[in-house]
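Only one structure is covered here, and it is reproduced in the block below.
The values are calculated or read from the model by the stated rules, or taken from the named source; none is laboratory data. Because the structure is predicted, anything quoted here is derived from the model rather than measured. Backbone-built Cβ (ideal geometry, glycine too); neighbour counts: all protein chains shown.
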């Protein structure tokens, strides 16, 4: 019986011109957005490789210079867009992908893609994830509500129930028909992601992402079916489907975001920069010989080497004081940015708490985490860039302290020295680290899907025409 029910449902959907056109429209949008973002991702990866090589050659080709001047010459580090960013760009367009490495200055992200886009290219931000998160649920909801509601209105549902050996098989058949439709939606996602994935870790993440979207759309299919059974006619079923979609996909996520922002407010740009500058002011000023903290460090270094004047030191005190300044700035940066990222994480956690009333609030963090485009991924890059900066500037300060004669002018080192500076390697988050913070969201998606179809089965068992 189940295969016959599936075949009947698919034939009925195929004969409905409106349904076919709607599905083709959504599938076309999904395919176009996937093509646009895949091309953009490939271009970003190529640009990163080119920029990395150019920056390396620029650094190696700076010629003879003092370590301190080389620190101000600096460089850039870039974050390679993860492969699955072609499906879900997440926060990447808004946090940027590049950080300048320079002495005395702790830069934040540069080159934010969202700021570079004109109105003519705004379609590019209609990502495959956004199509599946917003448009596909409406399509699935309306389709399921019409399928069940139409049969109830025509009186054929009762005949099917009374003639069926088991209502459970009828539910199973209709569920599989809905699953076939959902399969048509997630297949482009899986194929596009598989072509983009460049490692076993990314392919495993894609598998989990496909499961998450299937559960998400399966929940809406079940909700649509329940609405069709609970409504007296198709018009009421359609109205209920639209109201449910607006509430769960638009209203609740928006309210959740606003509530999270109010509960965990972020400081303004001016407040944040003022706090960072106040922290920097508490440390050593490497350019001010009269700075009290510099004097204190000078006394410690003189005592350490058993001399009474800086000129008698076997090392260059300038390199030591510069490194002390950088280490203090790094601590301030870690503290201030750590608080900022903690606030963002608290906002994300608050929004996820609304998963009980909106499956989209459960799906979004899972999708971004698996794509490697969530807030923790951006934080990993920021921390890696900060660590690299300490290593980069620390190497130059060590040169200044131990390989430069303070009495020698000019204080230059040869070009072969610059090749000793290691290149930046962006972090790669294993799948386990992406999944661990989102287990609750995955459970919520499964619960939504299971509860929706259990409600359908329960409704059929006690169904009355």
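Couple of notes before you dig in:
- Within this structure, residue 50 passes the test of being at pLDDT 85 or above, under 30 Å from residue 99 (Cα atoms) and surrounded by fewer than 14 Cβ atoms within 10 Å (Cβ to Cβ).
- Condition check for residue 381: at pLDDT 85 or above and either assigned to a loop (DSSP other than H, G, I, E, B) or touching a strand residue (DSSP E or B) at 6+ places or on another chain (Cβ under 7 Å) (or both): no
- Any hit, segment 259-266, residues being at pLDDT 85 or above, in a helix (DSSP H, G or I) and within 30 Å of residue 142 (Cα to Cα): yes
- Qualifying residue in segment 269-287 (condition: touching a strand residue (DSSP E or B) at 6+ places or on another chain (Cβ under 7 Å) and surrounded by 12 or more Cβ atoms within 10 Å (Cβ to Cβ)): no
- For segment 425-459, the set of residues classified as touching a residue at least 60 places away in the same chain (Cβ under 8 Å) and either farther than 23 Å from residue 216 by Cβ or part of a loop (DSSP other than H, G, I, E, B) (or both) consists of 426, 428, 430, listed by residue number.
- Of note, residue 351 satisfies the criterion of being crowded, with 21+ Cβ neighbours inside 10 Å and in contact (Cβ under 8 Å) with a residue 12 or more places away in the chain.
- Only one of 270, 256 that is in contact (Cβ under 8 Å) with a residue 12 or more places away in the chain and part of a helix (DSSP H, G or I): 256
- Against the numbered list (1) closer than 22 Å to residue 62 by Cβ; (2) at pLDDT below 85, residue 407 comes up short only at (1).
- When each of 106, 62 is tested for being touching a helix residue (DSSP H, G or I) at 6+ places or on another chain (Cβ under 8 Å) and either farther than 21 Å from residue 338 by Cβ or surrounded by fewer than 18 Cβ atoms within 10 Å (Cβ to Cβ) (or both), the lone residue that passes is 62.
- Annotation: of all residues in segment 290-308 being exposed (fewer than 11 other Cβ atoms within 10 Å of the Cβ) and modelled with pLDDT under 80, the one that is farthest from residue 334 (Cα to Cα) is 290.
- Number of the condition not met by residue 351 [criteria: (1) at pLDDT 80 or above; (2) touching a helix residue (DSSP H, G or I) at 6+ places or on another chain (Cβ under 8 Å); (3) closer than 24 Å to residue 396 by Cβ]: (3)
- Every pair of residues 6+ apart whose Cβ atoms lie under 7 Å, when the first sits in segment 122-151 and is within 11 Å of residue 26 (Cα to Cα) and in the same structural domain as residue 85 (by TED's automatic domain parsing) while the second is surrounded by fewer than 24 Cβ atoms within 10 Å (Cβ to Cβ) and modelled with pLDDT under 90: none
- Residues of segment 200-216 classified as more than 18 Å from the chain's Cα centre (by Cα), surrounded by fewer than 22 Cβ atoms within 10 Å (Cβ to Cβ) and in contact (Cβ under 8 Å) with a residue 24 or more places away in the chain, total: 1
- Qualifying residue in segment 315-338 (condition: over 30 Å from residue 403 (Cα atoms), modelled with pLDDT of 80 or more, under 30 Å from the mean Cα position of the chain (by Cα) and part of a loop (DSSP other than H, G, I, E, B)): no
- Only one of the numbered conditions (1) assigned by TED's automatic domain parsing to the domain that holds residue 177; (2) over 23 Å from residue 457 (Cβ atoms) is not met by residue 280, and that is (1).
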